[in-house]
Amino acid sequence: MRTPESRPLLLALAIAAVHGPALAQSSSDTWSGDNAKALPDLVITATRNKSTAGETPQKTTIITREQIEQQQAISNDPGEVLSNLIPSYSPGRQKLSNAGETFRGRSPLFLVDGVPQSNPLRDSARDSYTIDLDMVERIEVIHGASAEHGLGATGGIINFVTRRPESGEVSQSVSASVTSDDDVDSDGQGYKVGYQISGQQGRWDYLLGGNIQERGIFYDGEDRLIGVAYPGELQNTESYDVLAKLGYWLDDDQNVGFFINRFQLEGKGGYVPVTGDRDNGVPTTARPGIIDGKPGENEVTTARLSYSHGDWLGNQVDTQFYSQTFRARFATTPFFPYQDGSGNTQFDQTRNESDKLGAKFTLTRDGLLNDHLTLTTGLDILEDETRQMLVETGRTYVPKSQFRNYAAFLQGDFAVTDQLTLHSGVRHEQAELTVDTYNTIDRSNVTQDNVTVQGGNPDFNETLFNAGVVYQATDHVQLFANYSEGFGMPDVGRVLRGISDEGQDVDNLLVLEPIVTDNREIGGRFDWDRYHLEVSYYESDSDFGERLTEVNGTWVGKREKTEIQGVEVTADADLNEAHNLGFSYTYAAGESDTDGDGDVDTRLSGINIAPETLRLSWSAAWTQALSSHLQFSQFLDRDIEGDDLDFDGYGLLDGSMAYRTGAGKLSLGIENLLDKDYFTYYSQSARVSDQYYFQGRGRTITLGYQLDF
């Protein structure tokens with residue numbers, strides 16, 4: 001598969017009431033810092049019918065390898081990278097948690113080469129931290145609710161496509177970078193080194209890559225240590241990632257492939273939180289100290305075996321079998337007290353354990369009805385087994401829950417004329433949840449039981465529909481409209497562990513009913529040679545959604561009707577072969593029905609909705625060797641509900657430069673170039689807490705080097 005060079009997203013015209021930076025590339029034109037050129041159509045593998053970018057009835061975004069590297073020169077935090085490049089994705093938290101990092105106000109489904117990374121039964125909010133971006137070739141994004149890959153995509157799909165082998169017998173790459181705060185404090189420094197080898201030999205192709213990264217402590221714009229979060233941290237951590245891929249061509253049409261990726265990130269300890277004072281504007285900070293228990297950790301192994309046939313009786317066949325093993329340890333918190341053998345009060349910590357097995361079968365037939373109709377059908381199977389343990393006391397905090405999901409689907413694309421294409425499909429989900437009888441834990445003393453809950457195996461059936469239209473009005477104007485439905489589960493583990501009333505049983509818990517989200521979207525794509533604009537308006541409604549709310553320091557899922565509306569506008573301009581400008585604007589608003597009367601009445605907070613955002617960028621190729629990139633993000637003020645969660649906006653400027661020589665590429669990136677002192681969006685607008693009142697990262701410098709040979 002050929003992958004085009006990148007068009008760095010960003011650019012748009014500020015249109016009142018229109019929202020969103022969009023990276024969607026047109027099907028034939030894309031640009032890089034070096035030139036603008038025609039490239040082959042880009043296939044979006046995250047769509048089951050392998051749609052072409054720029055021709056879908058639903059907004060899509062393609063983030064290319066060049067864009068990823070451009071962002072990594074500034075920051076290696078995946079939350080920051082996704083926020084900078086995906087319209088309507090919330091600002092990154094700069095923590096080992098993507099809680100509150102929503103997509104169009106709802107949860108995205110994360111995939112790695114189509115393998116689900118999100119955990120449907122106990123959302124640990126770490127599903128964007130399962131692979132290092134060094135291992136990613138591109139990121140495919142489908143905006144809005146989608147059932148194409150089944151469970152979880154109520155906000156959209158984010159598919160990490162892994163690196164592909166380079167053509168030729170042997171290609172190698174080495175990379176290294178160092179990162180530091182602007183005062184070059186020894187504890188604020190980190191490094192990253194990586195290596196990759198790939199190639200082709202006869203019918204075989206292969207790739208092996210790996211990296212190691214160590215992160216220092218983070219400092220804010222006033223050179224204070226940024227507070228340590230209880231659930232888990234990116235700062236003061238070390239990680240590694242190893243990716244191996246092997247492919248074999250049986251003949252010109254048939255290919256067998258295998259990949260495995262192992263990612264692990266663990267805190268180093270040595271710092272403890274210092275509680276802030278939200279009412280008086282004092283941030284949560286940190287100081288050197290000995291932590292209780294073990295630091296937070298992510299440990300994820302993803303594997304996939306695939307088979308494809310390009311012409312089986314005139315059909316294209318794609319089959320894959322996959323597995324994922326996910327372990328997430330959360331740092332010690334003051335919420336799980338127990339008495340040790342000496343009668344001293346200690347605090348426990350939890351660990352999520354999730355194991356997935358699944359298979360996907362897809363068959364596509366085109367050329368029907370005199371080349372007007374393409375049909376895609378298939379079957380998806382998923383089994384997920386999840387539990388949450390207390391590490392020190394060895395008790396079960398969330399009981400082992402087993403989820404089985406079977407789904408059959410049919411998708412049709414009908415070209416009415418050369419200008420008009422209709423898209424429609426249906427997917428039937430059949431799911432079953434199995435939970436044995438268990439005892440909930442008394443949070444005031446985790447060695448004691450609270451209540452007994454009778455087990456059960458509730459089943460769910462849902463038929464989901466999608467329909468869309470794409471109309472090429474002129475050579476320069478394309479209009480599209482789409483209706484799609486997404487299917488998700490509430491946070492089952494959060495529900496099960498929180499039961500405190502006697503006499504409950506799993507079969508009769510209404511709060512375990514699935515979340516079905518309706519997404520309606522209308523928009524237009526405008527392409528005038530060197531100038532591109534995309535505008536879309538969407539509505540996302542759920543009659544029985546889930547809204548997170550904080551109760552006594554614990555997140556609780558409230559099942560409520562929710563309605564979200566938003567606008568995304570993106571544009572880019574190739575001023576000439578060397579200079580490219582970008583501007584984007586996004587806006588979203590939403591409400592939920594908190595009193596249960598059937599009418600939405602309460603504004604959604606920052607745990608759900610991203611702020612109104614403006615983004616600007618300028619990429620320049622000064623010579624064939626020297627290039628630069630500047631990006632500015634302005635998050636606008638927002639009145640959420642009352643005074644406690646109002647958001648005071650802020651603006652951030654980042655920049656990077658790269659210089660290519662015969663001996664490799666040097667890069668210099670600066671995050672928060674102006675050393676802005678600010679409280680993060682999550683800290684201001686998601687929760688009222690002195691423990692989670694964090695400043696954002698101050699000026700941070702990264703110097704990198706890469707050599708391909």
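The values are calculated or read from the model by the stated rules, or taken from the named source; none is laboratory data. These numbers were taken from a predicted model, which means no experiment stands behind them. When we count neighbours, we look across all protein chains shown, and the Cβ atoms used for this are built from the backbone with ideal geometry, even at glycine. Note: accessible area is taken over every heavy atom of the protein model, side chains too, but ligands, DNA and RNA are not part of it. Shrake-Rupley method; radii C 1.70, N 1.55, O 1.52, S 1.80 Å.
Length gained on full extension, residue 312 to residue 186: 39.4 nm, using 0.36 nm per residue less the C-alpha separation. Take 441-454, 530-543 and order them by the average number of nearby Cβ atoms within 10 Å per residue, most first; the result is 530-543, 441-454. Using a cut-off of 22 Å between alpha-carbon atoms, which lysines can reach residue 294, once sequence neighbours fewer than 8 places away in the same chain are excluded? Hits, sequence-local ones excluded: 95, 268. Dividing the radius of gyration of the alpha carbons in segment 579-709 by their Kirkwood radius gives 1.14 for Rg/Rh.
Name the residues of segment 270-298 whose amide N is less than 15 Å from a point 7 angstrom out from the Cα of residue 222 along the C-beta direction? Label zone hits: 274-286. In this calculation the C-beta distance from residue 507 to residue 639 is compared with R0 = 41 Å, giving a FRET efficiency of 0.45.
Stretching the chain fully between residue 620 and residue 176 yields a gain of 157.5 nm (0.36 nm per residue, less the alpha carbon separation). Test of the criteria: in segment 295-380, which trypsin sites (Lys or Arg not before Pro) are in a DSSP loop and have at most 14 other Cβ atoms within 10 angstrom of their Cβ? Of the trypsin sites (Lys or Arg not before Pro), not one in the loops of segment 295-380 has a Cβ with at most 14 other Cβ atoms within 10 Å. The alpha-carbon of residue 245 sits under 14 angstrom from the alpha-carbons of these aspartates and glutamates, leaving out residues fewer than 8 places away in its chain: 113, 137, 166, 205. Once the C-beta distance of residue 396 and residue 290 is scaled by a Förster radius of 35 Å, the resulting FRET efficiency is 0.80 to the nearest 0.05.
For segment 380-386, 3J(HN,Hα) computed residue by residue from phi via the Karplus equation (6.51, -1.76, 1.60; θ = phi - 60°) reads 10, 10, 9, 10, 10, 10, 9 Hz, glycine and proline entered as x. The mean accessible area for residues of the chain, using a 1.4 Å probe and ignoring ligands and nucleic acids, is 39 Å² per residue. Be a star and scan segment 339-370 for residues whose amide nitrogen sits under 13 Å from the point 7 Å along the Cα-to-Cβ vector of residue 319. From segment 339-370, the list is 359-363. Taken over segment 175-286, the convex hull of the Cα atoms encloses 142 Å³ per residue. Converting the Cα gyration tensor eigenvalues of the chain into ellipsoid dimensions via √(5λ) gives semi-axes, longest first, of 37, 31, 26 Å.
Surface composition of the chain: carbon and sulfur atoms hold 51% of the protein heavy-atom accessible area at a 1.4 Å probe. Remark: the residue 206-residue 707 segment gains 178.4 nm on full extension, using 0.36 nm per residue and subtracting the alpha carbon distance. Sequence-distant contacts, meaning Cα pairs under 8 Å at least 6 residues apart, place the relative contact order of the chain at 15 percent. How many angstrom lie between the C-alpha centres of segment 465-491 and segment 359-412? The two parts, judged by their Cα centres, are 22 Å apart.
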